Amino acid sequence: MSRIITRYFVYLSLVILFISACKKQESYLKDAASYADIPVFINNSILGDNLGKKLNGRPVESYGNVFLSGPGKFSFYNKNTGAILLEKEFNLQPKKRDTVYIFQPDSTIAPQLIKNTQLNEPAAPVGYMKLKIANLSKIALSNSAGVPYRKLDVIIKSTLTSVVTYLPIDTLIGIGGNLDTAGYYLVKKPIRAGLIQTQYKFSFIDHETQMPIQSSNGAVYLSLTLSVPHNPANPGKQVYTVYLTDMPRPNASAAYILKNSKYYDVTLNKLFE
């Protein structure tokens, strides 16, 4: 009789273990499928490999292939110092995987998480281009107190009459400092001698005071060049994401912006290229 009872309990234990294993496997497969939808983060930070990523307080790598769908708080930190640079919550869903850029071109600029909206943005009409612009200059484009302008009006200039003379073609109002929330502006490309022009420079106006940004000699400042290629045989979408940054200059020039006894230019940089 005792043998029968013992054998019964052994069988029962095996059945319980089997059911438990099936449930764990089912849960694992569900979690693994959900894990595939964690965003892909493309690291464009100056920290490079020293930029760490955590999900709900744990390194992303520690999850392996096990993470349930739902809210997930991602933290990005400096591995050398442990300092948290940026935090963002995502709602992780099956079959919905975002690709997000961790964007920080230099140490003066706070990192941002941005999506490549150029991928889904419709192409510009023939003879036009679409521009998304954000002001990430912290020094050159700042007021007398050293505070970066909250918003700028950007005057786009191009080579309307000669290759060295830049004249206004359009003005974009209220440009801010966040690429993720900025919208696209439609700009008509100028034509000179029957050819669409490809070289552009910007001048700037403080949106709030309507005062133009000046170079060190008191003239209206003109940025460095933005090149927008034009190939009639293969024009492409003509959609661009542009951010403004400071370029320190070692020598004095009347064409540069003077801040705290130092000279600067403003660079126009294309992202996602």
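All of the numbers you see were taken from the coordinates with simple rules; none came from a lab. Everything quoted here is computed from the prediction, not taken from an experiment. Here Cβ is always computed from backbone atoms with ideal geometry, including for glycine, and neighbour counts include all displayed protein chains.
So, by mean Cβ neighbours within 10 angstrom, what's the order for 79-87, 141-149, 99-107 with the highest one leading? Each step should come with its number before you reach the end.
Working: 79-87: 11.6, 141-149: 13.7, 99-107: 16.6.
In decreasing order of mean packing, 79-87, 141-149, 99-107 become 99-107, 141-149, 79-87.
Is there a pair in 237/259; 73/270; 54/259; 115/157; 201/237 whose C-alpha atoms are over 32 Å apart, and which pairs would that be?
237/259; 54/259
Using alpha-carbon positions, what is the distance between the centroids of the stretch 71-139 and the stretch 255-271, in Å?
So the separation of the two Cα centres works out to 24 Å.
Just to confirm the filter: which trypsin sites (Lys or Arg not before Pro) across the stretch 170-244 are DSSP coil and have at most 16 other Cβ within 10 angstrom of their Cβ? List each step's numbers first, then the result.
On the way: sites: 188, 192, 201, 237; in loops: 237.
Sites meeting the loop and neighbour criteria: 237.
Please compute the volume of the convex hull spanned by the alpha-carbon atoms of the stretch 208-267 and report it per residue in Å³.
Details: hull volume 8.3 nm³, N = 60.
Convex hull of Cα atoms, per residue: 139 Å³.
Would you tally the net charge around residue 176, using a Cβ to Cβ cut-off of less than 9 Å, leaving residue 176 out, and scoring K and R as +1, D and E as -1? The partial results should precede the final answer.
Working: positive: 150, 151; negative: none.
Residues near residue 176 contribute +2 overall.
So if I place +1 on the C-beta of Lys and Arg and -1 on the C-beta of Asp and Glu, and nothing else carries charge, what would the dipole magnitude of the stretch 118-271 be about its Cα centre? I want it in debye, nearest 20.
Numbers: 15 positive and 8 negative charges, 48 e Å.
Charge dipole, the stretch 118-271, about its Cα centre: 240 debye, nearest 20.
Per the Kirkwood treatment, what hydrodynamic radius in Å, one decimal, follows for the stretch 118-271 from the mean inverse distance over all distinct Cα pairs? Numbers along the way, then the final one.
Numbers: mean 1/r = 0.0621 Å⁻¹.
Hydrodynamic radius (Kirkwood, Cα only) of the stretch 118-271 equals 16.1 Å.
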